[in-house]
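Enquirer: Pasting a structure here, questions to come.
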């Protein structure tokens, strides 16, 4: 038997950054979830508090319990686990809430029971939780939550990842409207993704995605922002986000280098070069743009953050 309890910090994440559908993930410094894992005689128990905790699906149909059950079964652990999630990440808005839960459980159980799982294996386990939530085990959010910084999922089979540090001058604005989150929102957002893609749009997205990655590799914030252009997935998701056009237009006018939907949305992300624009101003106009559509909204400024980590243990 390993440790009896551990509290894990798992960061919010943003995925896609425009052209990198299911490929790009970026960890955020704030917000984050705190997940406490405690051994119990048997079974899996889940509790949630914090932001919109009442929306958490209990006890089995959530990423946290799916990952816990997978690990307990695969490693024949003679224990049960109680999972207490203190939510700082708003669920269902496109900031990787489900990924944070999955990653915290995978990382925490690996730590508590010294399972010797490397980061890539943790990504695979956490992605199984995402499959329960979204219907597909996408690894962009969970990879970023584990590694921190910017991650490129180069290949899914076999799983191959590229990890890059973000530019020091890059700030990140997040804004999201307060919409009623419909059941399996991410699955719905995936359903509108086109199954066939014209070659000209494919070329555009490949070029844009390559430029975004090049911007991270070279520390060029402006190149990242200018390249956040998606002509395949994002145009199909616009109808799911009231105010999308005005939010994007106003953010760019306020100095954002690039604007995109964060993951499946409805949150939107703007990249700002702090040497050229004021991120708080950009966030403010994004919030006001949503509000001009008659929607309450939340907006904040953050930077890229580190990956999952242990807060305390016993």
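Readers should treat all values here as calculations from the given coordinates under stated rules, not as data from a laboratory. Every value quoted in this text rests on a predicted model; they were computed, and no experiment measured them. Using ideal geometry, Cβ is built from the backbone for each residue, glycine included, and neighbour counts are taken over all protein chains shown.
Enquirer: Going by how many other Cβ atoms sit within 10 Å of their own, how do 274, 314 line up, fewest first?
Expert: 314, 274
Enquirer: Quick one: helix 244-253 against the long Cα principal axis of the chain, what's the angle to the nearest 10°, folded into 0 to 90?
Expert: Helix 244-253 sits roughly 70 degrees off the main axis of the chain.
Enquirer: Also, quick follow-up: Report the gain in length on full extension from residue 86 to residue 197: 0.36 nm times residue separation, minus Cα-Cα distance, nm rounded to one decimal.
Expert: 35.9 nm
Enquirer: How high is the relative contact order of segment 170-302? Use alpha-carbon pairs under 8 Å, at least six apart in sequence, and give a whole percent.
Expert: 39 percent
Enquirer: Something else: Which of 107, 244, 156 moves most in a GNM of the chain, Cα contacts under 10 Å?
Expert: Result: 156 has the largest fluctuation of those listed.
Enquirer: Something else: Can you give me the Kirkwood hydrodynamic radius for segment 115-163, using every pair of distinct Cα atoms, in Å to one decimal?
Expert: So the Kirkwood estimate lands at 10.8 Å.
Enquirer: Continuing with this model, one more query. Which angle between 0 and 90 degrees, to the nearest 10, do you get for helix 199-218 versus the longest principal axis of the chain when only C-alpha atoms count?
Expert: The helix 199-218 is inclined about 70 degrees to the chain.
Enquirer: Do you know the relative contact order of the chain, to the nearest whole percent, from alpha carbon pairs under 8 angstrom that are 6+ apart?
Expert: 25 percent
Enquirer: Okay, moving on. If the viscosity is 1.567 mPa s and the temperature 4 °C, what Stokes-Einstein diffusion coefficient in µm²/s follows for segment 59-157 when Rh is the Kirkwood radius over Cα pairs?
Expert: D, rounded to a whole number, is 96 µm²/s.
Enquirer: If you don't mind, there's one more thing I want to ask. Output the direction-averaged projected area (hull surface divided by four) of the convex hull of the alpha-carbon atoms of segment 1-118, in nm².
Expert: Over all viewing directions, segment 1-118 projects a mean Cα-hull area of 7.4 nm².
Enquirer: Same structure again: Quick check: residue separation of residue 226 and residue 274 times 0.36 nm, minus the Cα distance between them. What number comes out in nm?
Expert: Between residue 226 and residue 274, full extension yields an extra 15.8 nm.
Enquirer: Within segment 206-239, which residues have the backbone N less than 11 Å from the label spot 7 Å out from residue 162 along Cα→beta-carbon, could you tell me?
Expert: Hits in segment 206-239 for residue 162 at 11 Å: 209-218.
Enquirer: Additional query: Mind jotting down a quarter of the surface of the convex hull over the alpha carbons of segment 170-302, in square nanometres, one decimal?
Expert: Averaged projected area of segment 170-302's Cα convex hull equals 8.0 nm².
Enquirer: Moving to a separate point now. What do you get for Rg/Rh of the chain when both radii come from the Cα atoms and Rh is the Kirkwood radius?
Expert: 0.97
Enquirer: Rounded to the nearest 0.05, what FRET efficiency do residue 114 and residue 300 give with R0 = 41 Å and r taken as the Cβ-Cβ distance? Could you check?
Expert: 0.65
Enquirer: On to the next question. Treating the angle as unsigned and between 0 and 90°, give the value, to the nearest 10°, between the Cα long axis of helix 279-291 and the longest Cα principal axis of the chain.
Expert: The angle comes out near 90 degrees.
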